[in-house]
Amino acid sequence: MELTPLSAGDSQIIHSYGDGGFRISGIRYEGSVLLFPSQTLAWPVQSIEDITLESLAELLKAQPKVEIFLLGTGRRMLPLAAALRRSLRDAGMSVDAMDTGAACRTYNVLLVERRRVAAALIAVD
């Protein structure tokens, strides 16, 4: 799915998603990704059940600290485990789980607004 082009300078902007991956700042990434304004990382998660604090270690180490964390849960919105949500909130992050398409669009808007945002996006076909 192509997204409306936005301008965010040198930041990692999502151009499209689907077919098992993402096109971010002109580069195709296969599989799920962990996305920050300055970098995109492969994320070895295929479903919400795979998400743990360990799988989000880079998110917790990020500097500057992430203010808003978006979780793209796949084709449909699924809730994040309460204990994991609580741990992320205790780390000072607002946590929003939504379907991957909505997370991609929301990430782009927040990025352009220069918010301290990060996204963990489960790939969709």
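Quick note: the coordinates plus some simple rules give every number you see, no bench work behind them. These figures come from a predicted structure and were not determined experimentally. Cβ: placed from backbone, ideal geometry, glycine included. Neighbour counts: every protein chain shown.
For THR40, are the conditions met, namely being of a type in the set (Ser, Thr, Tyr), over 14 Å from TYR107 (Cβ atoms) and touching a residue at least 12 places away in the same chain (Cβ under 8 Å)? No, not satisfied. Restricting SER47, SER16 to those that are touching a Cys at 6+ places or on another chain (Cβ under 9 Å), within 13 Å of VAL124 (Cβ to Cβ) and surrounded by fewer than 18 Cβ atoms within 10 Å (Cβ to Cβ) reduces the list to SER16. Of SER47, SER25, SER55, all but one fail to be among the hydroxyl-bearing types (Ser, Thr, Tyr) and in contact with a His (Cβ under 8 Å, 6 or more places away or on another chain); the exception is SER25. Scanning region 89-125 for residues that are over 22 Å from TYR29 (Cα atoms) and of a type outside the set (Lys, Arg) turns up ASP90, ALA91, GLY92, MET93, SER94, VAL95, ASP96, GLU113. Identify, by number, the condition in (1) buried (at least 22 other Cβ atoms within 10 Å of the Cβ); (2) in contact with a helix residue (DSSP H, G or I) (Cβ under 9 Å, 6 or more places away or on another chain) that ALA123 doesn't meet. Only one criterion in (1) buried (at least 22 other Cβ atoms within 10 Å of the Cβ); (2) in contact with a helix residue (DSSP H, G or I) (Cβ under 9 Å, 6 or more places away or on another chain) is unmet by ALA123, namely (1).
Scan region 37-88 residue by residue and report those that are more than 27 Å from SER25 (Cα to Cα) and among the charged types (D, E, K, R). GLU49, ARG85, ARG86, listed by residue number.
For region 41-125, please list each of the strands (runs of 3 or more DSSP E) lying entirely inside it that holds at least 3 residues being of a type outside the set (D, E, K, R) and closer than 14 Å to ILE14 by Cβ.
Strands (runs of 3 or more DSSP E) meeting the threshold: 117-121.
Report yes if SER55 is closer than 20 Å to ASP90 by Cα, surrounded by fewer than 19 Cβ atoms within 10 Å (Cβ to Cβ), small (Gly, Ala, Ser) and out of contact with any strand residue (DSSP E or B) (no Cβ under 7 Å at 6 or more places or on another chain), otherwise no. Judged against the criteria, SER55 is a match.
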